[in-house]
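Some notes on the structure that comes next.
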Amino acid sequence: MMLRRWSDRQHRSQDDNRKYVAGVAANKVIDAYRHRHRHVQFDDELDVPADGDQYAEVLDDLTLLAAVRTLIATQPPRRRAVATLYFLAGLDSAEIAESLTMSESTVRTHIQRLRSILKPRVDQISRTDQGGETS
């Protein structure tokens, strides 16, 4: 199709033709991916997890992570930055202090305050997961 229409494009600029060819190539790649994913082969065997509790553990972890992220999002900007770097990125207080240009004691204070805010929520989620009721 592209070669048939090429004679109609000879009066266009080189930049326009380059964009045209790039667009056609991109569409061909997209079509190839769509076609490939349309015909997925399935195995005859079912993948059965070895441990049924594994899904429950993952769900518990995701629930806890969602709660932590929600609580972090409600914090002031500097404390939110400390929380993200400490709880989600796994940096220690010295690394956080250096990257945020604040003292290490300020970082530790933010972490302590975050823990005091997060602990009741984590305990509530843990009680709910063990069959307790939420308040």
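A few notes on this one:
- Selection status of residue 91, part of a loop (DSSP other than H, G, I, E, B) and farther than 23 Å from residue 123 by Cβ: yes
- Leading residue by the ranking (modelled with the highest pLDDT) among those in the range 53-81 that are over 15 Å from residue 114 (Cα atoms) and polar (S, T, N, Q): 63
The values are calculated or read from the model by the stated rules, or taken from the named source; none is laboratory data. Computed from a predicted model, the values in this text were never measured in an experiment. FYI the Cβ positions are ideal-geometry reconstructions off the backbone, even for glycines, and counts take in every protein chain you see.
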